[in-house]
Amino acid sequence: MADSSDSDPIGILELSEQAKVSPRTIRYYIQQGLLPAPETRGPGAHYGLDHVNRLRLIRRLQSEHLPLSEIRKRIDALQPEQISQLLRTRPDRYPDSASDYVRKVLSEGVGSAKLREPAMSVPPAIIRDTQQSSHAIQQRSQWERFALSTDVEIHVRRPVSREENRRIERLLESAREIFKEELP
């Protein structure tokens, strides 16, 4: 597949048709950092093949029942050629989808010490290439701000996984208690 520089730019409606997602979903994915913003903004915004491919990969990973925060982590630093390569690979090559993970957890039992994060649905060669690349794709982020005092804040990039959210809540609880303490 050619990259977006080799193809004609398309509008959001055509992107929506090609990727089989609504324009509203495209805008949401851009806001959440799953999809890069178009080079131009407004009604004349144009998208390329890279956007189509990234949306198709997001849909494939969603079909494996992965949450958007996990999908963002997995595809955040992938280059367009890596995404194209993943799309050419048959999905059944990756048995460790979220549903497979849930089946495995249920078969091992909830109290099992073997509980781990699900394996990535990205081939190991691409993971190595991504880890070795020195330039990650810049993505938009949505930050949430928590004020602990007039001079202290904690900032959290959203979305986060459920487990990370639980940790953040514990951190905030502890931090609020510390800032409530009276100084001598």
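The values are calculated or read from the model by the stated rules, or taken from the named source; none is laboratory data. These numbers were taken from a predicted model, which means no experiment stands behind them. No Cβ is skipped: glycine too gets one built from the backbone with ideal geometry, and neighbour counts run over all protein chains shown. SASA here: full protein model, heavy atoms, side chains in, ligands and nucleic acids out. Shrake-Rupley method; radii C 1.70, N 1.55, O 1.52, S 1.80 Å.
In the context of the full set of protein chains, the range 24-71 has a per residue accessible area of 48 Å² (1.4 Å probe).
Comparing 65, 84, 53 along the charge dipole axis of the range 45-86, the residue lying farthest to the positive side is 65, per the Cβ-charge model. With K and R counted +1 and D and E -1, the other residues having a Cβ less than 13 Å from that of residue 56 yield a net charge of +3.
Net charge in the neighbourhood of residue 46 (other residues with Cβ under 11 Å of its Cβ; Lys, Arg +1, Asp, Glu -1) is -2. The accessible-area ordering, largest first, of the residues 151, 76 stands as 151, 76, per a 1.4 angstrom probe.
Where does each of 169, 164 land when they are ordered by accessible area, with a 1.4 Å probe and the largest first?
Result, largest first: 169, 164.
In order along the range 39-52, the phi-based Karplus estimate (6.51 cos²θ - 1.76 cosθ + 1.60, θ = phi - 60°) of 3J(HN,Hα) comes to 5, 10, 10, x, x, x, 4, 10, 10, x, 4, 4, 5, 4 Hz; Gly and Pro are listed as x. At an R0 of 30 angstrom, the distance between the Cβ atoms of residue 144 and residue 63 translates into a FRET efficiency of 0.55.
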